[in-house]
Structure formats: C-alpha cells, structure tokens
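Participant: Next up is a structure, given as structure tokens.
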Amino acid sequence: MTTWLHARKGRIVGEVVRVDDTWTQIRLTGDHQLRYMSELHRGRVDAAGDLLTVRTSLLREIGDDQ
C-alpha cells in the first residue's frame, strides 16, 4: 500500500490499479474523507475498496505505509 498527496483532494492511501500520462486509478485502503470542489460531494466518505481516478499531474507519492 502506498500513500500519495493529491494537490486538491488531500492524502490518499491505496494501491495503483491503472496509470497513464493523464490519469491514475487507485483502489483505496481504508475510508477517506477527501476534499471535493462540488458542494454535492462535500463531506462525502470514500470507502475502503472504492476506485478513485485522479489526474496524475496532481499526485505526488509520499511513501509506503507498513
């Protein structure tokens, strides 16, 4: 499992499922309360096992959780 810092969504922990030059798809480990710009999704909790697709350019790996 790896930890990333997304410039807009915050800290993400999970495993990469798919990656390309534009998008990275991550299967979440544990529940996450990420930041969303849309009022509809504010306060939303993404559950363990959910797939999250984020822009690769906004994602920075900060290490592995053991």
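Participant: Does region 33-41 include one or more residues that are open to solvent by 90 Å² or more (accessible area, probe 1.4 Å), of a type in the set (Asp, Glu) and free of Cβ contacts under 8 Å to residues at least 12 places away in the same chain?
Facilitator: First, the residues of region 33-41 that are open to solvent by 90 Å² or more (accessible area, probe 1.4 Å): 33, 35, 37, 39-40.
Retained after the next criterion (residues that are of a type in the set (Asp, Glu)): 39.
When the remaining residues are screened for being free of Cβ contacts under 8 Å to residues at least 12 places away in the same chain, the result is 39.
Yes - at least one qualifying residue is present in region 33-41.
Participant: Here is a further query. If you go through region 17-45 one residue at a time, how many are under 14 Å from Leu58 (Cα atoms) and in a strand (DSSP E or B)?
Facilitator: 5
Participant: Would it be correct to say that Leu51 is more than 14 Å from Thr2 (Cα to Cα) and within 9 Å of the chain's Cα centre (by Cα)?
Facilitator: Numbers: more than 14 Å from Thr2 (Cα to Cα): yes; within 9 Å of the chain's Cα centre (by Cα): yes.
When the stated conditions are applied, Leu51 passes them.
Participant: If I filter region 42-53 down to residues being open to solvent by less than 90 Å² (accessible area, probe 1.4 Å) and among the charged types (D, E, K, R), which single residue comes out as modelled with the lowest pLDDT?
Facilitator: Within region 42-53, the match that is modelled with the lowest pLDDT is Asp46.
Participant: Hey, any hits in region 1-16 for a residue that's in a loop (DSSP other than H, G, I, E, B), open to solvent by less than 40 Å² (accessible area, probe 1.4 Å) and without any contact (Cβ under 8 Å) to a residue 40 or more places away in the chain?
Facilitator: No, region 1-16 contains no residue that is in a loop (DSSP other than H, G, I, E, B), open to solvent by less than 40 Å² (accessible area, probe 1.4 Å) and without any contact (Cβ under 8 Å) to a residue 40 or more places away in the chain.
Participant: Right, next: Right, Thr56: open to solvent by less than 80 Å² (accessible area, probe 1.4 Å) and at pLDDT 95 or above or not? Talk me through it step by step, then tell me what you get.
Facilitator: Values: open to solvent by less than 80 Å² (accessible area, probe 1.4 Å): yes; at pLDDT 95 or above: yes.
Answer is yes for this residue.
Participant: Hey, another quick one. Considering every residue within region 20-27, establish whether at least one is of a type in the set (Lys, Arg), open to solvent by 30 Å² or more (accessible area, probe 1.4 Å) and at pLDDT below 90. Reasoning before the result, please.
Facilitator: Keep residues of region 20-27 that are of a type in the set (Lys, Arg), which gives 27.
After this cut, where a residue has to be open to solvent by 30 Å² or more (accessible area, probe 1.4 Å) as well, the list is 27.
From what's left, at pLDDT below 90: none.
No - not one qualifying residue is present in region 20-27.
Participant: Does Ile62 meet the test of being open to solvent by 50 Å² or more (accessible area, probe 1.4 Å) and at pLDDT below 95?
Facilitator: On the way: open to solvent by 50 Å² or more (accessible area, probe 1.4 Å): yes; at pLDDT below 95: yes.
Yes.
The values are calculated or read from the model by the stated rules, or taken from the named source; none is laboratory data. Everything numeric in this text was worked out from a predicted model, so none of it was measured. Positions of Cβ are backbone-derived with ideal geometry, glycine not excepted, and every protein chain shown enters the neighbour counts. Please note that ligands, DNA and RNA were not included when accessible areas were found on the heavy atoms of the full protein model with its side chains. Shrake-Rupley method; radii C 1.70, N 1.55, O 1.52, S 1.80 Å.
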